[in-house]
Amino acid sequence: MSDLARFSINQMTVRQLPLPDLVDACVRLGIPGVGLWREPVAEYGLEATAKLVRDAGLAVTTLCRGGFFTTAAGPDDNRAAVDEAAALGTDTLVLVSGGLPPGGKDLPAARALIAGALAELAPYAASRGVRLAIEPLHPMYAADRCAVSTLDQALALAQPFPAAQVGVVVDTYHVWWDDRAPAAVARAGAEGRIHSFQLADWTTPLPAGVLTGRGQLGDGTIDLRAWRERVDAAGYTGPIEVELFNDTLWARDGLDVLEDTARRYVAHVL
């Protein structure tokens with residue numbers, strides 16, 4: 001398949017595929033990059049995963065995830081996530097920052113906790129050659145998953161640190177609705193803070209729990225090509241990673257989903 005030079009498949013999109021099958025399929029299809037998740041990597045083995053992708057010539061575009069600074073995760077777990085990213089050969093650890101603390105109602109206070117945790121983690125990540133990429137999530141996740149809902153908020157958290165240490169994730173699913181996001185993308189690009197660009201489409205109705213509502217490329221309302229052009233215009237030239245949480249896709253044959261996603265990337269993004 002042609003035109004896949006920047007394409008990366010996030011492991012969660014085809015989570016039904018065992019890691020060796022995913023790697024083999026990427027090589028066969030000419031997919032150059034994969035975004036990995038800590039849990040399946042731990043299940044397969046960190047060193048074994050690193051060797052598998054390295055021997056296949058695949059780039060690990062991101063590792064997901066660190067963060068949850070306001071709730072369950074502590075400093076030790078986030079330092080471990082940094083170490084895992086370094087071992088896998090990726091320079092980008094995606095952060096899902098965490099929602100309100102248990103019983104909390106104060107979003108600014110939650111963001112202050114996140115800022116404090118970043119101040120502790122960023123120097124350690126820099127010492128390991130790993131960038132921290134703050135991912136703003138759609139506001140429907142603000143209470144339980146991520147108090148950072150906009151690119152402006154993510155950039156404000158990143159600002160105290162060098163761009164090579166802390167940047168942002170631009171994920172179409174989470175930011176497409178925000179009329180301030182285009183200007184924030186331009187600013188993030190000018191500052192060198194776009195550390196990852198991820199794609200998913202927006203389809204309705206959302207499923208119960210909303211977590212698995214990320215639509216296949218071309219099935220929803222987001223102008224994915226316009227977003228790719230916008231991010232390109234901001235100076236980003238890195239991988240374009242497709243990350244889908246979707247029960248219907250997970251129920252299908254994983255190889256078929258991977259091939260379909262690559263075709264849709266060419267049709268709807270390029």
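Structure above, values below:
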{"read-out": "Paramagnetic label zone (point 7 Å from Cα along Cα-to-C-beta, residue 211; backbone N under 16 Å) in the stretch 24-63", "value": "37-40"}
{"read-out": "Mean ellipticity per residue at 222 nm, deg cm²/dmol - from DSSP H runs of n ≥ 4 across the chain, formula -39500 (n - 2.57)", "value": "-12500 deg cm²/dmol"}
{"read-out": "Per residue solvent-accessible surface (Å²) - the chain, probe of 1.4 Å", "value": "40"}
{"read-out": "Residue 270/residue 77 FRET efficiency (R0 51 Å; Cβ-Cβ; nearest 0.05)", "value": "0.85"}
{"read-out": "Probe 1.4 Å - accessible area at residue 2, Å² to nearest ten", "value": "80"}
{"read-out": "Contact order normalised by residue count of the stretch 64-220, Cα under 8 Å, 6+ apart, percent", "value": "19"}
{"read-out": "Trypsin sites (Lys or Arg not before Pro) lying in DSSP loop within the stretch 213-257, provided at most 15 other Cβ fall within 10 Å", "value": "252"}
{"read-out": "Approximate spin-label separation residue 232-residue 87, in nm, with each point projected 7 Å along Cα-to-Cβ", "value": "3.8"}
{"read-out": "Modelled FRET efficiency - R0 22 Å, residue 250 with residue 42, Cβ distances, 0.05 increments", "value": "0.65"}
{"read-out": "Within the accessible area of the chain (1.4 Å probe), percent carbon and sulfur", "value": "54"}
{"read-out": "Label-point gap, in nm, between residue 59 and residue 225 - each point 7 angstrom along Cα→Cβ", "value": "2.4"}
{"read-out": "Those chymotrypsin sites (Phe, Trp or Tyr not before Pro) in the stretch 166-251 that DSSP places in a loop and that have at most 16 other beta carbons within 10 Å", "value": "177"}
{"read-out": "Residue 13 accessible area, 1.4 Å probe, all protein chains in place, Å² to nearest 10", "value": "0"}
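The values are calculated or read from the model by the stated rules, or taken from the named source; none is laboratory data. Worth saying up front: this structure is predicted, and the values here are computed from it rather than measured. So basically every Cβ, Gly included, is an ideal-geometry build from the backbone, and we count neighbours across all protein chains shown. Accessible surface areas use protein heavy atoms only, side chains included; no ligands, DNA or RNA. Shrake-Rupley method; radii C 1.70, N 1.55, O 1.52, S 1.80 Å.
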